[in-house]
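Worksheet for the structure shown next.
Coordinate-derived values only; no laboratory data. Predicted, not measured: the structure shown is a model, and the values here were computed from it. Cβ: placed from backbone, ideal geometry, glycine included. Neighbour counts: every protein chain shown.
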Amino acid sequence: MVSIALYPIFGKPFVLYLGVLTLTSYLVTAALGFSYYRGWLQFKWHPAMVVVSFIFAVLMTLIGLSLHKPLVGILGLLTLFSFVIAAVIGVGIHQRQLNIRFIWHPVVVVIAIIFAVLHGLAGIMMFI
Ligand code: HEM
C-alpha cells in the first residue's frame with residue numbers, strides 16, 4: 001500500500017492525486033444535492049455520485065492510512081466519518097425514517113468539507 005501511495009506521477013505521489021479526485025467528487029456530490037434541492041436537476045444523480053464519492057473515500061482511506069501520519073490520518077477519518085453521517089441523514093430523511101430537520105444534512109456536509117480541506121492541507125505539507 002505504501003508503494004502505491006508514494007508512486008510518483010509527474011514528480012508527485014499518487015496519494016495527492018487520489019486526494020484531489022476524492023475532494024472533487026465530494027464537492028460534485030454536494031453540488032448535485034444542492035441542484036436537486038433547487039429543482040434544477042433530477043434526484044438520481046445525487047445518490048449516484050454519493051456512491052462514486054464513497055468508493056474514492058474508501059480507497060483514499062486504505063491508501064492514506066498506510067502512510068502512518070497521525071494528524072493527517074485523524075483528519076482523514078473525521079472527514080470519512082462526517083461523510084457517512086451526512087449520507088445516513090440523507091437516506092433517513094429521504095426514506096422518511098429519520099425525524100430530523102433537513103438542514104442537518106447540508107450542515108454535516110459543510111463540516112465534512114472543512115475536515116477534508118484541513119486533511120488535504122496537512123497532507124500537502126507532508127510532501128513540501
Ligand atoms: C457530499 C455530500 C453529500 C452526501 C454524501 C449526501 C448524501 C445523500 C444521501 C445518501 C441521500 C439519500 C439518497 C437516497 O436515499 O437514495 C441524500 C438525499 C438528499 N440530499 Fe444529499 N448529500 C450530500 C450533500 C447534499 C447537499 C449539499 C444538499 C443540498 C442542500 C443535499 C440535498 C439532498 C436532498 C434534497 C436529498 C433528498 C432528501 C429528501 O428526499 O427529502 N445533499 N443525500
Could you estimate the translational diffusion coefficient of the chain from the Stokes-Einstein equation, with Rh from the Kirkwood formula over C-alpha pairs, at 4 °C and 1.567 mPa s, in whole µm²/s? 85
Kyte-Doolittle cut-off 1.6, length cut-off 24 Å along the helix's own axis using Cα: show which whole DSSP H helices in the chain pass. 45-65, 70-94, 104-125
Plugging the Cβ-Cβ distance of residue 71 and residue 20 into 1/(1 + (r/R0)^6) at R0 = 22 Å yields, to the nearest 0.05, a FRET efficiency of 0.70
Can you give the FRET efficiency for residue 34 and residue 121, using 1/(1 + (r/R0)^6), R0 = 25 Å, r = Cβ-Cβ distance, to the nearest 0.05? 0.55
If we sort 31-41, 60-70 on the protection proxy, mean other Cβ atoms within 10 Å, highest first, what's the order? 60-70, 31-41
Provide the gained length on full extension for the span residue 12 to residue 52, in nm with one decimal, where the gain is 0.36 nm per separating residue minus the Cα-Cα distance. 12.0 nm
